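Written below as structure tokens is the structure these notes are about.
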Amino acid sequence: MNIKTEKKAKEEAPEKELTLADLPVGAKATIVKIIPCSRGKKKFADVGLVPGTELVMEAHAPFGGLLRVKIMETSMALHASEARNILMKRKRKTDEKAF
């Protein structure tokens, strides 16, 4: 496999699905699904966490307690245990250009 073929295969590869708690700092992702949990989907919907919403992971607190995410122009904190109920699809970096 040559370099062009490898690059094309990476661009065509499906986006990886993960939970919001697994999203690394600085990564952008889109919410795919909210798994029903004890507090339900309504709590997440009230703060803008609904399928189709794009967000950025800003920070992970020490020892995995809280996460800080940015949705549009708002930053908010979320417990990692609740973030495990939010399935995400991470954005690929197809916009980067080689110089």
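Here are some notes:
- Simple label model, 7 Å out from Cα along Cβ direction - R68 to K43, nm: 2.2
- The residues neighbouring A21, those whose beta-carbon lies less than 10 Å from its own, together hold a net charge of -1 under the Lys/Arg +1, Asp/Glu -1 convention.
- Percent of C-alpha pairs per 10 Å bin, the stretch 14-90, short to long: 21, 60, 19, 0
- If R0 equals 22 Å, the separation of the Cβ atoms of A61 and I35 corresponds to a calculated FRET efficiency of about 0.50.
- Gain in span if fully extended, A77 to V25, counting 0.36 nm per residue against the direct Cα distance: 17.4 nm
- For the peptides 17-29, 72-84, the ranking by packing is 17-29, 72-84, with the highest mean count of neighbouring Cβ atoms within 10 Å listed first.
Computed from the coordinates by the stated procedures, all read-outs in this text should not be read as laboratory data. Since the structure is predicted, the reported quantities are computational estimates derived from the model, not experimental observations. Every residue, glycine as well, gets a Cβ built from its backbone with ideal geometry; the counts of neighbours run over all protein chains shown.
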